[in-house]
Amino acid sequence: MVADALGVTKAAVYHQFKTKEAIVRAVLEVELAHLEDALDVAEAGGAGPKERAALLSRVIDIAVERRRAVSTLQSDPMLVRLLRDWEPSRLLWTRLFAILVGDDLTERARIRAAVLSAAIGSAGHGFVTDIDNETLKAELYRLTRPLVFPRG
């Protein structure tokens with residue numbers, strides 16, 4: 001399917017990528033690069049409240065704009081496993097949540113990170129496919145902001 005979509009032979013694809021997992025990793029690298037760029041900006045700015053708010057907004061923008069990819073990443077068991085076990089992915093999520101909820105890894109912070117992830121990931125949920133991007137972004141930001149900036 002990949003070869004057909006690219007208009008090349010299967011042999012050409014397997015010359016570049018030795019396994020199906022290598023193909024999937026290459027696709028994931030492209031998808032995760034959007035988050036990596038947003039993280040780099042937040043970290044360069046010192047990861048203070050302003051950068052955290054901007055990062056949250058950008059992560060929501062990416063999730064909403066890439067709804068189909070988000071849905072696929074969450075629902076395919078092989079992709080879920082790869083995202084969990086693949087070192088570059090684990091490092092990316094660690095960096096992301098260290099900025100958004102803190103790097104103390106307390107139970108409370110880990111729960112906030114899990115809820116934050118689920119909330120943002122809901123951009124790919126079937127219940128919201130008919131909602132326009134701007135409305136969905138605004139509502140996700142409203143719902144997730146207290147997870148990033150909790151009161152006491």
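Only the coordinates and a few stated rules stand behind these numbers; no lab work does. This is a predicted model, so every value here is computed, not measured. No Cβ is skipped: glycine too gets one built from the backbone with ideal geometry, and neighbour counts run over all protein chains shown.
Below, the figures for the structure above:
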{"read-out": "Members of the range 42-56 that are more than 11 Å from I120 (Cβ to Cβ) and touching a helix residue (DSSP H, G or I) at 6+ places or on another chain (Cβ under 8 Å)", "value": "A42, E43, G45, A47, E51, R52, A53, A54, L55"}
{"read-out": "Checklist (1) of a type outside the set (V, I, T); (2) surrounded by fewer than 17 Cβ atoms within 10 Å (Cβ to Cβ); (3) part of a helix (DSSP H, G or I) applied to D103, failing item", "value": "(3)"}
{"read-out": "Those residues of the range 81-96 which are over 11 Å from the mean Cα position of the chain (by Cα) and surrounded by 14 or more Cβ atoms within 10 Å (Cβ to Cβ), in sequence order", "value": "L82, W86, R95"}
{"read-out": "Options V30, V24: the member that is in a helix (DSSP H, G or I) and either small (G, A, S) or more than 30 Å from A138 (Cβ to Cβ) (or both)", "value": "V24"}
{"read-out": "Among (1) out of contact with any helix residue (DSSP H, G or I) (no Cβ under 9 Å at 6 or more places or on another chain); (2) under 20 Å from Y141 (Cβ atoms) - the single one A63 does not satisfy", "value": "(1)"}
{"read-out": "Members of the range 45-80 that are assigned to a helix (DSSP H, G or I), aliphatic (A, V, I, L, M) and either loosely packed, with under 13 Cβ neighbours inside 10 Å or without any contact (Cβ under 8 Å) to a residue 60 or more places away in the chain (or both)", "value": "A54, L55, I62, A69, V70, L73, M78, L79, V80"}
{"read-out": "All positions within the range 4-20 that are surrounded by 13 or more Cβ atoms within 10 Å (Cβ to Cβ) and either in contact with a helix residue (DSSP H, G or I) (Cβ under 7 Å, 6 or more places away or on another chain) or on the phi > 0 side of the Ramachandran plot (or both)", "value": "V13, F17"}
{"read-out": "Close pairs (7 angstrom Cβ cut-off, 6 or more residues apart or separate chains): within 23 Å of A12 (Cβ to Cβ) in the range 22-44, outside any helix (DSSP H, G or I) and aromatic (F, W, Y) anywhere", "value": "I23/F17; R25/W86; A26/F17"}
{"read-out": "Check on L28, under 30 Å from E134 (Cβ atoms), surrounded by 14 or more Cβ atoms within 10 Å (Cβ to Cβ) and touching a Pro at 6+ places or on another chain (Cβ under 9 Å)", "value": "yes"}
